[in-house]
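Input: a single structure, listed below in structure tokens.
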Amino acid sequence: MGDPKTPSKKYSTPRNPWKSDDLSQELFLVGSYGLRNKRELWKSKTELSRVRKQARALLAAPSDVRAREEAKLLKSLIRIGVVSETATADDILGLSIENFLERRLQTVVWKKGLARTPYQARQMVTHGHITIGDRRITIPGYIVRTGEDLELKLRAGSTMVVTPPQPAEGQPAEAAPAA
């Protein structure tokens, strides 16, 4: 059972952590999604591995068990917005790590345009400037469910101002459309 004070690990580390291909891919994902460290990436990879393992087990299960359990698994993945409504167990095997990273609150805030960079989005979330409905969420790794992304907004009274990026020196500013 384990000690109740010590939580179990939510991730597993790579088997060979020093392969240059894996290192470069991990570094690219950490940079493009604004993750704090590779541990956050490993948590998402472990979740993907768990879901794919369930899907493989379902494909080998008897048809009555498969139908019942496949519906449960698909319902949970549809609820968090990783797969579409018409997905099957075969579609689950085609998921990638990006599908899970796209549903993190930090990434949704950035993609929605509330922040200029994923790192600014992370800061906005941790400082409490983002709400979903009437709840203030301060966890960048929070998985945004389907429908919650419509309720996502800057907190009322927040002093955080997001300005569009300015053109660098030497680059012409975009011309305003003629009226």
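Taken together, the values in this text are just the output of simple stated rules run on the coordinates, not laboratory data. Values in this document were obtained by computation on a predicted structure and should not be read as measured data. Note that we place each Cβ from the backbone using ideal geometry, even for glycine, and neighbour counts take in every protein chain shown.
Against the main long axis of the alpha-carbon atoms of the chain, helix 63-79 sits at an angle near 10°.
Can you tell me what percent of all Cα-Cα pairs in the stretch 57-162 are more than 16 Å apart? Summing the P(r) tail past 16 Å for the stretch 57-162 gives 61 percent.
So I have [x] 20.0, 70; [y] 18.4, 70; [z] 18.1, 64, and one of them is Rg and Dmax of the Cα atoms in Å calculated from this model. Which one is it? Calculated Rg and Dmax of the Cα atoms in Å: the matching label is [x]. Applying a DSSP loop filter and a limit of 14 other Cβ atoms within 10 Å to the GluC sites (Glu not before Pro) in the stretch 1-85 leaves Glu85.
Compute the Rg/Rh shape ratio of the stretch 105-154: radius of gyration over Kirkwood radius, all on alpha-carbon atoms.
Numbers: Rg = 9.2 Å, Rh = 10.3 Å.
Rg divided by Rh gives 0.90.
Packing around the peptides 10-20, 50-60, taken as the average count of other Cβ atoms within 10 Å per residue, puts them in this order, highest first: 50-60, 10-20.
So for the stretch 29-77, Kirkwood radius off the Cα pairs, Stokes-Einstein at 25 °C and 0.890 mPa s: how many µm² s⁻¹? Numbers along the way, then the final one.
Numbers: Rh = 12.4 Å.
Rounded to a whole number, D works out at 198 µm²/s.
Simple point charges give the picture: +1 on the Cβ of Lys and Arg, -1 on the Cβ of Asp and Glu, and for the chain a dipole about the Cα centre of about 780 debye. Shape call for the stretch 4-55 from the C-alpha gyration tensor, a ≥ b ≥ c root eigenvalues: rounded (a/c under 1.5), prolate (a/b greater than b/c) or oblate? Since a/c reaches 1.5 and a/b is larger than b/c, the shape of the stretch 4-55 is classed as prolate.
Taking the Cα centre of the stretch 105-154 as origin, sum charge times position over the Cβ atoms of Lys and Arg (+1) and Asp and Glu (-1), and report the length of that vector in debye to the nearest 20. Numbers along the way, then the final one.
Values: 8 positive and 4 negative charges, 31 e Å.
With only Lys, Arg, Asp and Glu charged at Cβ, the dipole is about 160 debye.
Over the residues of the chain, the helix contribution to mean residue ellipticity at 222 nm works out to -14000 deg cm²/dmol, using -39500 (n - 2.57) for each DSSP H run of at least 4.
Under 25 °C and 0.890 mPa s, how fast does the stretch 20-101 diffuse according to Stokes-Einstein, given a Kirkwood radius computed over C-alpha pairs? Answer in µm²/s, whole number.
On the way: Rh = 13.8 Å.
Estimated via Stokes-Einstein, D reaches 178 µm²/s.
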